[in-house]
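Values in this text are rule-based calculations from the coordinates and carry no lab data. Keep in mind the model is a prediction, meaning the values are calculated, not measured. All Cβ positions, glycine included, derive from the backbone under ideal geometry; neighbour counts span all protein chains shown.
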Amino acid sequence: MRNKIVFYLNGNRQELGAEFAGMMLADFLRYEKNLTGTKIVCAEGDCGACSILRYSPFTKTQDGDHYLPINSCITLVANLDGSSLVTVDALKNKDEFHPAQKAMIQCHGSQCGFCTPGFVMAIAGMVEKKVAAQDTILSEQEAKNCMTGNLCRCTGYQPIIDAALRIDLTEAQSIKERFFSTHQAADLQDLYKTPVLIESEEFTYFAPKTLSAAVEYLELNPDARIAGATTDLGVIHNKRKITLSKILSLHLIEELYTLEEKLNEVTLGARVTFSEFRHFMKDKCPELSQYLDVFASPQIKNSATVIGNIANASPIGDTPPALLALRARVIINGNKEIPLSDFFLAYRKTALGPGEIITGLKFPLPRPSSDIRFFKNANRKDLDISAVNFAIHLNWQDDAKTKIQDITIAAGGVAATPLRLKKTEDFLKNQFDIDGAVKVLHSEFTPLSDVRASAAFRHVIVENFFRRFFADCGGAV
Ligand SMILES: Cc1cc2nc3c(=O)[nH]c(=O)nc-3n(C[C@H](O)[C@H](O)[C@H](O)COP(=O)(O)OP(=O)(O)OC[C@H]3O[C@@H](n4cnc5c(N)ncnc54)[C@H](O)[C@@H]3O)c2cc1C
Ligand code: FES
Ligand code: FES
């Protein structure tokens, strides 16, 4: 058993116990390591000022085998076990600025400068991805996409976009080559073989190697919180609504990194991140992959787990409606499966019992002939929580699309839980009457009015999504 977590920071080995393992990384960098280049502004993942680069060599990163930007303000230090990190303080190579830094200077991409380290790291992450893929062309859209997790209140975005576009990718040096050595790889691989238990009066952290040990720990410690990437938990902790004092981490359990398709069925383990899932689904269900483009930001997607989004059971979470429409099943403790539609019981209450962990999800791939659409309505396009999200998955009986064989409809932001709209589904199975179905649809939910949207607006949006789906899919109505 290890009683320390280990990671590399700008090439230097860090071995940390209870004193630091329960801190948020941004605080640790600034207040313990004096690495003050990394800024803290919002402390809730929304502005990107705290962006750093992380490489997790022993987890599957199917979105590329390289360093990725993440938000350090909501990342628990303990969760970095086994990683290699690079902060903005180390980006300059001797006297030579990183191309992202140079370009920001040349394009006047900074005024007060508070957001600048975060933008530099977001751009450096994009450069690293391009270098790893030996891709020397960057489109304007890619430049914009890489910085959707960063906010600037004074420069304006055009000079920053210009800076990203100005970088000569043929001359960029790999950060991985600079900061990740075979020595580090061997060291971290060795550490990954041993479970971690850190205990003090204020902080307990257990990371077992097996699922059975995790289940046993949770049974004995019902007050322990399972930590995914802490993109939800870290925000609540920073707002001082909870204290992350007893943590169960699943990061050393290899089988939870599963992401595979067998016999047209996708299985996704509890440790799979949004970036990995999005990349994996690109060819298998492009609609889902595109929907995830507007899920949070690159920094969040690079660390947040899909299962965290399900376990969180937020009524406005973006994946539940999509996965309900895909008829997903939740896998519990590796040996029990329940339909996702039976998982959400009440506001933030799930079917998980004591000692139960979500170990994964399974769902059948939609048929090539299926019509499937996922919609998100939020107050801004990028990096915003939904006011309403909506999903429909339909199989037709005939090529002329006159009769529905089966249909699944789900919505978020319209009730206390993500909702399957079963009455509307049943209505449409018997009669293809869209106006009639719209009446049933409205009768199935009673949304709240809140800061994101009024109840009336939510009704209108759901109806519009529903009608748009049928207008687009060309059913012979
Ligand atoms: C800036 C920002 C933007 C965001 N944007 C979006 C967005 O666009 N759409 C959206 O839906 N969400 C969004 N989120 C919310 C969040 O990123 C997601 O819910 C994410 O999937 C949570 O995953 P995580 O791994 O970080 O979970 P954590 O924060 O680690 O955990 C979340 C919850 O799940 C539980 N949990 C984790 N793993 C398991 C498991 N295996 N078994 C049982 N319980 C488990 C935890 O105990 C906790 O209660 C955003 C968050 C931030 C900070
Ligand atoms: S400080 Fe704003 S995202 Fe971390
Ligand atoms: S330069 Fe001031 S916030 Fe961006």
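Could you work out how much longer the chain between SER449 and ALA471 gets when fully extended? Use 0.36 nm per residue separation minus the Cα distance between them, nm to one decimal. Don't jump to the answer; show the numbers that get you there.
Details: separation 22, 0.36 × 22 = 7.92 nm, distance 2.82 nm.
Here the segment from SER449 to ALA471 would lengthen by 5.1 nm.
Just need the Rg to Rh number for the range 254-364, please, alpha carbons only, Kirkwood Rh. Don't jump to the answer; show the numbers that get you there.
Working: Rg = 13.0 Å, Rh = 14.0 Å.
Using only Cα positions, Rg/Rh for the range 254-364 is 0.93.
Got a sec? How would ASP232, ASP293, ASP318 order by Cβ neighbour count within 10 Å, fewest to most?
Values: ASP232 20, ASP293 13, ASP318 25.
Fewest-to-most Cβ neighbours within 10 Å comes out as ASP293, ASP232, ASP318.
What are the trypsin sites (Lys or Arg not before Pro) within the range 430-477 that DSSP puts in a loop, where the Cβ has at most 14 other Cβ atoms within 10 Å? Mind dumping the intermediate values first?
Numbers: sites: LYS439, ARG452, ARG458, ARG467, ARG468; in loops: ARG452.
Hits after loop and neighbour filter: nothing returned.
At 37 °C and 0.692 mPa s, what whole-number value in µm²/s does Stokes-Einstein give for the translational diffusion of the range 94-172, with Rh from the Kirkwood sum over Cα pairs?
Values: Rh = 12.4 Å.
My calculation gives 265 µm²/s for D.
Give, in whole angstrom and from largest to smallest, the semi-axes √(5λ) of the equivalent ellipsoid of the range 1-59, with λ running over the eigenvalues of the Cα gyration tensor. All intermediate terms of the calculation are to be shown ahead of the outcome.
Numbers: eigenvalues 90, 39, 27 Å².
Listed largest to smallest, the semi-axes of the range 1-59 are 21, 14, 12 Å.
Can you compute the FRET efficiency between CYS154 and GLU19 using 1/(1 + (r/R0)^6), with r the Cβ-Cβ distance and R0 = 41 Å? Round to the nearest 0.05.
Working: r = 37 Å, r/R0 = 0.91.
Rounded to the nearest 0.05, the efficiency is 0.65.
With N set to the residue count of the chain, report its C-alpha Rg divided by 2.2 N^0.38 Å to two decimal places. Show your work: numbers first, answer last.
Working: Rg = 22.9 Å, N = 477, 2.2 N^0.38 = 22.9 Å.
Computed over Cα atoms of the chain, the ratio equals 1.00.
Rounded to the nearest 500, what is the chain's calculated 222 nm mean residue ellipticity when only DSSP H runs of at least 4 contribute -39500 (n - 2.57) each, over all residues? Please list the in-between numbers first.
On the way: 17 runs with 147 residues, N = 477.
Calculated from helices alone, the mean residue ellipticity at 222 nm is -8500 deg cm²/dmol.
What net charge is computed for the residues neighbouring PRO222, neighbours being all others with C-beta under 11 Å from the C-beta of PRO222, Lys and Arg scored +1, Asp and Glu -1?
Values: positive: ARG225, LYS246; negative: GLU219, ASP223, GLU356.
Within the 11 Å Cβ shell, the charges total -1.
Just the projected area, averaged over all directions, of the convex hull on the alpha carbon atoms of the range 234-279: how many nm²? Present the calculation step by step, with values, prior to reporting the outcome.
On the way: hull surface 18.6 nm².
Quarter of the Cα hull surface area: 4.6 nm².
Can you sort HIS251, HIS442, HIS393, HIS108 by how many other beta carbons sit within 10 Å, fewest first?
Details: HIS251 25, HIS442 15, HIS393 22, HIS108 12.
Ascending Cβ contact count within 10 Å gives the list HIS108, HIS442, HIS393, HIS251.
Return LEU25, LEU259, LEU165, LEU220 ranked ascending by Cβ neighbour count within 10 Å, so the fewest neighbours appear first. Numbers along the way, then the final one.
Working: LEU25 30, LEU259 20, LEU165 15, LEU220 9.
Going from sparsest to densest Cβ surroundings: LEU220, LEU165, LEU259, LEU25.
Mean separation of Cα pairs under 8 Å and 6+ residues apart, divided by the residue count of the range 121-196: what relative contact order is that in percent? Write down the numbers at each step before the final one.
Values: 34 pairs, mean separation 30.7, N = 76.
Rounded, it is 40 percent for the range 121-196.
A 32 angstrom limit on the alpha carbon distance is what I want to check against. Which of LYS39/LYS94; LYS39/LYS349; LYS4/LYS176 exceed it? Kindly include the intermediate steps, with their values, before the conclusion.
Values: LYS39/LYS94 22 Å; LYS39/LYS349 35 Å; LYS4/LYS176 25 Å.
Check vs 32 Å cut-off fails for LYS39/LYS349.
Which three semi-axes in whole Å describe the equivalent ellipsoid of the range 371-473, each the square root of 5 times a Cα gyration tensor eigenvalue, listed largest first?
25, 15, 11
Short version: what are the Cα gyration tensor semi-axes of the range 14-106, square root of 5 times each eigenvalue, largest first, in whole Å? Don't skip to the end; give the middle numbers.
Details: eigenvalues 94, 60, 37 Å².
Working through the eigenvalues yields semi-axes of 22, 17, 14 Å.
Compute the acute angle (0 to 90°) between the alpha-carbon long axis of helix 211-220 and the principal axis of greatest extent of the alpha-carbon atoms of the chain; round to the nearest 10°.
Helix 211-220 and the main axis of the chain meet at about 90 degrees.
Find the Cα radius of gyration of the range 179-324, compare it with 2.2 N^0.38 Å by division, and give the number to two decimals.
On the way: Rg = 16.8 Å, N = 146, 2.2 N^0.38 = 14.6 Å.
Compactness ratio reported: 1.15.
What would the Debye formula give as log10 I(q)/I(0) at q = 0.27, 0.33 Å⁻¹ for the alpha-carbon point model of the range 281-325, no solvent?
Debye curve over Cα of the range 281-325, log10 I(q)/I(0) at q = 0.27, 0.33 Å⁻¹: -1.16, -1.31.
Under 24 Å from the Cα of LYS429, which lysines turn up, not counting those fewer than eight places away in the same chain?
LYS401, LYS403, LYS439
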